[in-house]
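What follows is a single structure, written as structure tokens, with notes after it.
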Amino acid sequence: MKNNILNKRTVILTITLLCALMSNAQILKIELRATGLTCSMCSNAIFKQLKSISDVDSIETDLNTNTFFVFLKKDNTLNPSIFKEKVEKAGFFVGSFIVTAIPVILDQNIYTLLDGKPEKQKEIKFQVLDKGYVTEKEFKKLSKKYKDLATYLTNNENDFHIKILNQ
């Protein structure tokens with residue numbers, strides 16, 4: 001019952017997350033869970049690819065969950081697509097992509113917020129829910145849930161649909 005009320009009250013803001021927005025946000029950390037890994041050499045291949053990104057400060061790896069905690073340099077200009085490209089270049093896929101940032105939302109740059117509502121100048125944690133940033137199984141579920149949201153199904157590489165995780 002409570003979930004139904006929350007679903008009815010879910011605010012959907014149509015916003016496009018462009019590279020320019022990402023450069024205006026202070027992205028602190030990326031939590032990336034990779035899929036398809038079978039050994040530590042697989043993890044090492046992804047680690048090397050992520051480390052090659054110039055705005056990456058440091059990386060911590062949890063081999064039990066195949067999760068990479070990527071800490072970024074201050075005032076970085078990255079967007080989620082570079083991380084996805086690097087993981088795929090290593091031969092693997094992104095299963096979960098969570099960003100910790102202090103957002104700065106400008107009039108010309110907008111997010112597509114699927115659940116929750118953002119708070120200004122507070123560190124937020126959000127998950128990118130687009131194809132390629134969640135598992136195929138999860139994307140199929142989300143596609144059914146957001147079938148009425150035209151931008152979700154278009155798979156535009158410059159648009160990111162997010163869900164706020166902490167509030």
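The values are calculated or read from the model by the stated rules, or taken from the named source; none is laboratory data. Computed from a predicted model, the values in this text were never measured in an experiment. Here the Cβ is made from the backbone with ideal geometry for all residues, glycine too, and neighbour counts use every protein chain on show.
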Do you know which residues across segment 34-68 are in a helix (DSSP H, G or I) and touching a strand residue (DSSP E or B) at 6+ places or on another chain (Cβ under 7 Å)? Ser43, Ile46, Phe47, Leu50, Lys51
Restricting segment 81-90 to residues that are assigned to a helix (DSSP H, G or I) and in contact with a helix residue (DSSP H, G or I) (Cβ under 8 Å, 6 or more places away or on another chain), which is surrounded by the fewest Cβ atoms within 10 Å (Cβ to Cβ)? Lys89
Would you please list the contacts, defined by Cβ atoms under 7 Å and residues six or more apart or on different chains, that run from a residue in segment 122-145 that is touching a residue at least 12 places away in the same chain (Cβ under 8 Å) to a residue that is surrounded by 13 or more Cβ atoms within 10 Å (Cβ to Cβ) and among the charged types (D, E, K, R)? Phe126/Lys163; Gln127/Lys163; Leu129/Lys163; Gly132/Lys84; Tyr133/Lys84
Pick from segment 22-80, criterion touching a Lys or Arg at 6+ places or on another chain (Cβ under 6 Å) and in contact (Cβ under 8 Å) with a residue 40 or more places away in the chain, ranking: surrounded by the most Cβ atoms within 10 Å (Cβ to Cβ): Gln49
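From the list Phe139, Phe92, which residue is at pLDDT 90 or above and under 24 Å from Cys39 (Cα atoms)? Break it down into steps so the answer makes sense when it comes.
Details: Phe139 fails: under 24 Å from Cys39 (Cα atoms).
Selected residue: Phe92, the only one of Phe139, Phe92 that is at pLDDT 90 or above and under 24 Å from Cys39 (Cα atoms).
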